[in-house]
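All of the numbers you see were taken from the coordinates with simple rules; none came from a lab. Because the structure is predicted, anything quoted here is derived from the model rather than measured. Reconstructed Cβ throughout: ideal geometry from the backbone, glycine too, with neighbour counts over all protein chains shown.
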Amino acid sequence: MTDKSFNEWASMSDKALAEYIGTFVRHHRMEQNKTQDELAAAAGLSRSTLSLLERGETVTVTTLIQVLRILDQLSALSAFEVRETISPLALVKLQKEKRQRARSKPGKDENKENTAW
């Protein structure tokens, strides 16, 4: 499967995207030498539902997840990972609040000189 740029994904119709996902599923099923019947049974689906998915027809997200799990392709979902980001202004504010230097406490050095060691 080839990588596509964001512009290509954005310009594709919903039907074309569904067909692309179906091609992905079919490719990995055949790569693992599984029939539609075998994969569907392992995923707890009917063969016709799997066929719909592979043709790019409407199926549920749950169906897709079940199939990806059996194909050991859940890593494809990593594209949906949410990462916390910080705005540049908030970053500057945090850096401003961060300590820049370490100081000894007043009077601390005096205590060292007064010890009778």
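Residues checked against (1) touching a Ser or Thr at 6+ places or on another chain (Cβ under 9 Å); (2) within 26 Å of Ser13 (Cα to Cα); (3) not charged (D, E, K, R):
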residue	(1), (2), (3)
His27	no, yes, yes
Gln32	no, no, yes
Ser46	no, no, yes
Ser51	no, yes, yes
Glu54	yes, yes, no
Thr58	no, yes, yes
Leu68	yes, yes, yes
Which of the residues that make up region 64-89 are part of a helix (DSSP H, G or I), touching a residue at least 40 places away in the same chain (Cβ under 8 Å) and over 18 Å from Leu17 (Cα atoms)? none
